[in-house]
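J.: Mind having a look at this structure? Questions to follow.
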Amino acid sequence: MNFFLAKKTLLYVLLSGHKYGHRIHSPFVYDLITTVFRAKSDKSQFKKIEKRRAELKADNTEIEIQDFGAGSVRNASNVRKISYIARTSLSQGKYARLLFNLVNRYKPSTILELGTSLGISTAYLATANPSARVVSLEGSPAIAAIADKTMLDCSAGNVEIRVGNFNDTLSQALTDLQNVDFAFIDGNHTKDATLRYFEQIYPYCTEQSILIFDDISWSEGMREAWEQIAADQRVSISIDLCKQGIVFFRKGIEKQNFVVRY
Ligand SMILES: C[S@@+](CC[C@H](N)C(=O)[O-])C[C@H]1O[C@@H](n2cnc3c(N)ncnc32)[C@H](O)[C@@H]1O
């Protein structure tokens, strides 16, 4: 954990108030907390995905990756073991289940993911609503090929993985999807890129859309990007979970930012 993240995490633990939904007057947010954040997941439904994760964690094959994003702070080489990527880059436990629970609760018809990696979060998103169309973008061909196998192993037949730099693939994905009901932005964690993706995706959002940003406390720049997005007048409800930030555009509710302990 880097110093910035450690400081933010400590502040979050001290300041986050809404662990159980007490003192929340917004019915929408109360429902979100009780039915999504506090949902008890039946973990047996994730068996195939977690079996695939375990295989990836045990696979020491080396692959060549192209790093388009903010990059790994731990490893500057472009040859990585699959096991290393599986241990360091993928959504873990409760955060993966949160993606599943959000999709399961709100049933988005279209899901966009920026940053497929080995396909673990993609599988959680896709299996939460098998009738959704899921488009997931990944820059590294070798990583995307492994994610394709993850989709097969997890019976996630509703996913299209598109390979290329987000700069080249995002606008076509948006045109094809027409509306983005749900987006998980989990790649290229820099302030400028995060704000750019928000602006690019927003015109495709509706009042019902949900955007979830990963690693919002990973660096000062990511934190600034999150704070700017949360303060944006187009956003009605924003939820700060320290690691992830979620925004909603629902109308008719007072604009508010919640720091929720998760
Ligand atoms: C943190 S990982 C995604 C993890 C995955 N969502 C999960 O939770 O299982 C980020 C991925 O985004 C990809 N990426 C980063 N910046 C990119 C860019 N500008 N264009 C395309 N892919 C990019 C990286 O190759 C990496 O595989």
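The values are calculated or read from the model by the stated rules, or taken from the named source; none is laboratory data. Quick caveat, the model's predicted, so the values are computed rather than measured. Glycine also receives a Cβ, built like all others from the backbone with ideal geometry; neighbour counts cover every protein chain displayed.
J.: I'm checking my understanding of the structure. Among residues of the stretch 104-127 that are in a helix (DSSP H, G or I) and within 14 Å of the ligand (Cβ to nearest atom), which one is farthest from D31 (Cα to Cα)?
T.: Selected residue: I120.
J.: Identify, by number, the condition in (1) within 19 Å of the chain's Cα centre (by Cα); (2) among the charged types (D, E, K, R); (3) more than 8 Å from the ligand (Cβ to nearest atom) that D67 doesn't meet.
T.: (3)
J.: Return the only residue of A123, A132, A128, A173 being touching a residue at least 24 places away in the same chain (Cβ under 8 Å), of a type in the set (A, V, I, L, M), in contact with a Cys (Cβ under 9 Å, 6 or more places away or on another chain) and under 14 Å from F184 (Cβ atoms).
T.: From the options A123, A132, A128, A173, the qualifying one is A123.
J.: Can you pull out every residue in the stretch 176-215 that is in contact (Cβ under 8 Å) with a residue 40 or more places away in the chain, closer than 14 Å to D232 by Cβ and either among the small types (G, A, S) or within 15 Å of the ligand (Cβ to nearest atom) (or both)?
T.: Once the filter is applied, which keeps residues that are in contact (Cβ under 8 Å) with a residue 40 or more places away in the chain, closer than 14 Å to D232 by Cβ and either among the small types (G, A, S) or within 15 Å of the ligand (Cβ to nearest atom) (or both), the stretch 176-215 yields Y197, I201, S209.
J.: Something else: Just need a number here: residues in the stretch 135-151 that are away from the ligand (no atom under 12 Å from the Cβ) and either crowded, with 22+ Cβ neighbours inside 10 Å or not in a helix (DSSP H, G or I) (or both).
T.: Number of matching residues: 2.
J.: May I ask you to say which residue of L195, L174, L211 is assigned to a strand (DSSP E or B) and either on the phi < 0 side of the Ramachandran plot or modelled with pLDDT under 95 (or both)?
T.: Just one listed residue meets the conditions, L211.
J.: Now for a different question. Going by the conditions given, is W218 among the hydrophobic types (A, V, I, L, M, F, W, C), out of contact with any Ser or Thr (no Cβ under 6 Å at 6 or more places or on another chain) and at pLDDT 95 or above?
T.: no
J.: For residues that are at pLDDT below 85 and either at positive phi or near the ligand (Cβ under 10 Å from one of its atoms) (or both), scanning just the stretch 70-103, find the one that is surrounded by the most Cβ atoms within 10 Å (Cβ to Cβ).
T.: Once the filter is applied, the top-ranked residue is A70.
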